[in-house]
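One structure below.
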Amino acid sequence: MKLVMNRNRTPAAMPLLTGLFLFAGVFCGALAHCPSIMAEEVATTSNVQTAANDADIVWQVEKQRTDAIAKAMKSTVCVFVPGGAGGGSGVLITSDGFALTNFHVSSPAGTYMRCGLSDGNVYDAVIVGIDPVGDLALIQLLGRDDFPTADFVSSRSVRIGDACFAIGNPFLLATNLQPTVTAGIISGTQRYQYPSGTLLEYGNCFQTDASINPGNSGGPLYDAHSDLIGIIGRASFEKRGRVNVGVGYAISGDQAQNFLGSLHSGRILDHATLGATVGTEDDGSVRVTNILQSSDAYRRGLRYGDEILEIDNRVVQTANDVQNLLATFPAQWRVPLSFRQDGRVVHTVVRLASVHRGDELLEKMKSALPPPPPAPQKPPSEDSEETPDSEETPDSEETPDSDAPDAEEPRNDESDDEEEAPDAKNRPKDASREPVPLAAAKRIEERKGFANYFYNQQQQTKFIERLRSQYAQLPSSENGWKITGQATIAGETKPKLFEMIIREDTCELSIGSRRERLANPDAYVQSIDSGAAGSLLAGMRSLQRMLTNGPDRFGDTYSWGTAPLFGRSPLRDTTVAIHGGIESRFFQDPDNGRLEVIESFADRDGDPAELWIDPPQWLLDTDSKNLSWDSSAGQQTDDDITTVSNPKVLHLRFGVDPLVTLNLESWTAIETDGTPKPEQDKANDAANE
Amino acid sequence: MMPPTNRSRHRLRRHFWMLFLAALMIGMVMEPATAQPSLARSSSQVQDRVVKIYGAGGVGGLDAYQSGFIVSPAGHVATAWSSVLDVDPIVILGDGRRFESKIVGFEPALELAVLKLDGSDLPYFEVPSGADAPVARWGDPVLAVSNLFNIATGNEPASVLQGRIAARSKLDARRGTFQTSYRGEVWLLDLVANNPGAAGGALVDLDGNLVGMLGKELRDRKTGVWLNYAIPADVLRAPIGDIIAGRKTVSPVDDDPMLSRDKSHNSETLGFKLIPDVLETTPVYVDTIAADGPASRADVRPDDLVLLVNGRRVAHQRAFREQLRRIDRRDNVTLTIQRENEILELAIRP
């Protein structure tokens, strides 16, 4: 589940009510007013000791506030685009340097930027992953493994009126690397801010009256305990110019965490759509006004006129709520959905589609954002003296003093600065067309469709290492497997014997007297499309192929990120591998790495064959008729399976319904010469590669 | 036994306070969260009394939305007088309920309008008189609750901004630089409260008491500085009270009989001409004045906008003509007009 940070704030506020006027005043207002207000209050209180007491409370509150700010400052990042092409703010969330910022901050920098922390150091940073629709970017600061970090607070615990502060780099003032602190309250929750086109959409975000100015973008909005409420991203600027108007917005921490796992994959992420439109009716219900027949929601039974009740276990009351919630999910996630149809409440789980198709998102990114201002070519000589002062213009975000921080601070990567000169030509260039420092260049790999493929490669390595260690005790997959046991078809009670052959060229499944043989790509596609039991062979064959060949030689393989399984937490590590027209998605437990599910897609507009490996008991009993989200079943019950033992149960599902469960009795490797290939399949084998 | 001396009593008291302080500090150590102030309670307790108002506008840089707050359980809503109210506005309550409303009260000099919607048992603000104790003082922390920028729709909560009262002062200290007809005292605020759509929102103290009504956007013509202000609740109390009690209304009179054309007033008998009535709702702008006519004697001038006739609102020329039909030609007529930023009351004697 989500981070639980919901501290009980109310009860102990009681003894402090006497000081309410005082501390609220101190907290809200300009610091300069404090002494006079205190003096005034002291003078009007008859009991001097009460005043002393109040003053003491003020002192306590004040100290806690400054302590919280001092702590929070450490994790604040000041982002500078090399060459003075802009910048912004960010916040560190892991000790190995991963930090969140805005897409619109990182975008002018491309793959490399410089980041200052309040410790006075400038760090090299590389892009990791981006979410152009949600305006998020994950970057990694390099050079330390003990960066100070901020922890997310649960977005649902944040209330209107809660104290908060924004720390960051407004107007890029932090050329001395000391960020700016502005305080305020949460002015609104669950706000929706329209996107420009389909990019930079802010759903379910927070609104604050802390001063938000250009350059605060990407920075943290902290609560009074210096925990992270969200990522500041935009403000309502209208006729008054680009300065604070008392209305700033922060992307919710919950949304950021939904995307975080996928940002780690180095991909360019897309957002989700239900495939249906909804409207708020006069009676206050939210009804489907249009629905795509190709959507998963349609396959799960949602129809025109149905009333949406809950999404992701959150009650929706207006069409706005639906839009607000959907904007916080990555594409392809499966989320719980409850709706009412003909007086009957249906609980199900829907797979959300991508907002964009194909390269549409990449095209939009190109056109939606203005190209970075042309950075002046740096003269080869030392230019560390120049520190142009541009702080009077509100737009100084665009034209900061260029490399002042860089010039003042020694670069913190290893001392190979000198010897890297020769290969500098081959390194990627930063926004000022200078070669990126070696330490950063080592962590940058550009590839179409990815923000930084380096990180995807890392995740793939982790994926295959975990997979291979989990199945280390399985018989060799080299020439295929033979698996036997008892099969139970859903709806039947009597198990039947089954035998399964998994080979690179041909796969076979025999249950009782029925036999399916798949020998070419079309056969797998047909099997999945028709929802046949044999479609579990697709998943098994992907597993065999992945163990044997690894991601590099499997086909098109990439780490996808993290996604819930069957609409439930925790988020699983997800890897996609495409071969022979079938897309396989591997879901691994994030903690122990156990492979839980392989989904095989024949077609984006159809249900995948879900092959569950040693599924939890609740799942075996779950179908579309008894699915509900209010029971606690299954939330934490699948931990009793040891990770290294060989699979005992294979379970095939389509949509939300089970199809067949296999209880395994034997799992053996096929000898090369032991089982000669059947003659009639040879023709198909050729087509298979 | 000796009675405790003064000194020992003092010591006792000191002990008590030390204990109390110690208890407090223990409480803080054990639950650091507690000492952190949150205005969540102050914010939520007024949400059900602040409303979103939608009306005319949406073109030419004019916003079609603003804020208001409920001042009677029967559904009187105080808001800022503005072009949004050129049509009968739609009012959305905090719970998302949607009402059509009528403008029942209108104080041009206060930039105040009172709407009436068909409700009962609604939560509402008492408008304080400030007679017993000042409504607020310099330096007081306040919350501005409004739907600025129309961020919230339906049942979504209004935006809450925090700040302090910077001063109580008269706007006309800089007369001429601010485009406002309001001449009275205002709360000057240190927060960016007066944004598009914030006009008519509630300014409250931390206990949820009404302190004032947020004003319109106001910009100094010379310096370009935007001013943030609210009209104090004690200034609003009497006019709002009069309107709620029905002692004062701007609703057109329907019970006075229509007189025949040769017995009633019209603009000719008053001695001026209006701009051509070409629209459904042409505003009542004076075009020309007859020399030595009654209007001329009362100092009516071209380009004056007639807001009220004998205290009754005339939103357009049709309403103006109809009002005049109910006034005997021999009677005086009082016009409330807007001339640039001034609200004037002119009595025309036939």
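The values are calculated or read from the model by the stated rules, or taken from the named source; none is laboratory data. Predicted model, so just to flag it, every value in this text is computed and none were measured. Note that we place each Cβ from the backbone using ideal geometry, even for glycine, and neighbour counts take in every protein chain shown.
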message: Taking the criterion of being assigned to a loop (DSSP other than H, G, I, E, B) and not β-branched (V, I, T), would at least one residue in the stretch A:97-106 satisfy it?
response: yes
- prompt: Just to be sure, is A:S513 farther than 29 Å from A:T548 by Cα and over 37 Å from the mean Cα position of the chain (by Cα)?
  reply: yes
- prompt: So which residues in the stretch B:208-228 are closer than 16 Å to B:V50 by Cβ and not polar (S, T, N, Q)?
  reply: B:G208, B:L210, B:V211, B:G212, B:M213, B:L214, B:G215
field: Number of the condition not met by A:G110 [criteria: (1) under 21 Å from A:K366 (Cβ atoms); (2) at pLDDT 95 or above; (3) surrounded by fewer than 24 Cβ atoms within 10 Å (Cβ to Cβ)]
entry: (2)
message: Tell me whether the stretch B:120-128 contains one or more residues that are surrounded by 17 or more Cβ atoms within 10 Å (Cβ to Cβ), in contact (Cβ under 8 Å) with a residue 24 or more places away in the chain and out of contact with any strand residue (DSSP E or B) (no Cβ under 7 Å at 6 or more places or on another chain).
response: no
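When you scan the stretch A:520-530, how many residues do you find that are in a loop (DSSP other than H, G, I, E, B) and closer than 30 Å to A:T461 by Cα?
1
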- request: Within the stretch B:112-161, count every residue that is over 30 Å from A:Y249 (Cβ atoms), part of a loop (DSSP other than H, G, I, E, B) and more than 14 Å from chain A (Cβ to nearest Cβ).
  value: 14
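Working only within the stretch B:104-152, note down all residues that are among the charged types (D, E, K, R), closer than 20 Å to B:Y182 by Cβ and in contact with a helix residue (DSSP H, G or I) (Cβ under 8 Å, 6 or more places away or on another chain).
The answer is B:E107, and nothing else.
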message: Among the residues of the stretch B:166-188, are any within 9 Å of another protein chain (Cβ to nearest Cβ) and either over 20 Å from the mean Cα position of the chain (by Cα) or surrounded by 19 or more Cβ atoms within 10 Å (Cβ to Cβ) (or both)?
response: no
task: Scan the stretch A:531-582 for residues that are within 25 Å of the chain's Cα centre (by Cα), without any contact (Cβ under 8 Å) to a residue 24 or more places away in the chain and over 18 Å from A:K462 (Cβ atoms) and jot them down.
output: A:D556, A:I578
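Okay, residues lined up against (1) assigned to a strand (DSSP E or B); (2) buried (at least 21 other Cβ atoms within 10 Å of the Cβ):
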| residue | (1), (2) |
| --- | --- |
| A:Y298 | no, no |
| A:L302 | no, yes |
| A:E310 | yes, no |
| A:L337 | yes, yes |
| A:R357 | no, no |
| A:M365 | no, no |
- request: Looking only at the stretch A:238-260, count how many residues are touching an Asp or Glu at 6+ places or on another chain (Cβ under 9 Å), more than 13 Å from every other protein chain (Cβ to nearest Cβ) and either surrounded by fewer than 17 Cβ atoms within 10 Å (Cβ to Cβ) or farther than 13 Å from A:P330 by Cβ (or both).
  value: 3
- line: Scanning the stretch A:151-200 for residues that are within 14 Å of another protein chain (Cβ to nearest Cβ) and assigned to a helix (DSSP H, G or I), the one surrounded by the fewest Cβ atoms within 10 Å (Cβ to Cβ) turns out to be A:R156
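Select from the stretch B:85-101 the residues that are out of contact with any helix residue (DSSP H, G or I) (no Cβ under 8 Å at 6 or more places or on another chain) and surrounded by fewer than 23 Cβ atoms within 10 Å (Cβ to Cβ) and list them in ascending order.
If the condition is that a residue be out of contact with any helix residue (DSSP H, G or I) (no Cβ under 8 Å at 6 or more places or on another chain) and surrounded by fewer than 23 Cβ atoms within 10 Å (Cβ to Cβ), then B:D86, B:V87, B:D88, B:I90, B:I92, B:G96, B:R97, B:R98, B:F99, B:E100 are the ones that fit.
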- prompt: Using beta carbons and a limit of 6 Å, which pairs, at least six apart or on different chains, have the first residue in the stretch A:311-322 and at negative phi and the second one polar (S, T, N, Q)?
  reply: A:T318/A:T280; A:A319/A:T280
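Take the conditions over 29 Å from A:D283 (Cβ atoms), touching a residue at least 12 places away in the same chain (Cβ under 8 Å) and out of contact with any Ser or Thr (no Cβ under 8 Å at 6 or more places or on another chain) and apply them to B:V71. Does it pass?
yes
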task: Go through (1) surrounded by 23 or more Cβ atoms within 10 Å (Cβ to Cβ); (2) at pLDDT below 95 one by one and return the number of the condition B:V71 breaks.
output: (2)
field: Matching residues in the stretch B:189-201 - criterion: being buried (at least 19 other Cβ atoms within 10 Å of the Cβ) and within 14 Å of chain A (Cβ to nearest Cβ)
entry: B:L189, B:L191, B:V192, B:A193, B:N194, B:N195, B:P196, B:G197, B:A198, B:G201
- prompt: From the set of residues in the stretch B:33-63 that are touching a Ser or Thr at 6+ places or on another chain (Cβ under 9 Å), part of a loop (DSSP other than H, G, I, E, B) and away from chain A (no Cβ under 14 Å), which is modelled with the highest pLDDT?
  reply: B:G55
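Hey, among A:L228, A:L263, which residue is closer than 30 Å to B:V192 by Cβ, surrounded by 19 or more Cβ atoms within 10 Å (Cβ to Cβ) and modelled with pLDDT of 95 or more?
Testing whether each residue is closer than 30 Å to B:V192 by Cβ, surrounded by 19 or more Cβ atoms within 10 Å (Cβ to Cβ) and modelled with pLDDT of 95 or more leaves just A:L228.
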query: Given the residues B:A202, B:A233, B:A198, B:A238, which is the only one that is over 17 Å from B:V142 (Cα atoms) and modelled with pLDDT of 90 or more?
result: B:A238
message: Residue under question is A:D283, and the condition is that it be at negative phi, of a type in the set (D, E) and at pLDDT 95 or above; does it hold?
response: no
query: Can you name the condition, by its number, that B:S101 falls short on among (1) closer than 27 Å to B:L39 by Cβ; (2) in contact with a Pro (Cβ under 9 Å, 6 or more places away or on another chain); (3) more than 14 Å from chain A (Cβ to nearest Cβ)?
result: (1)
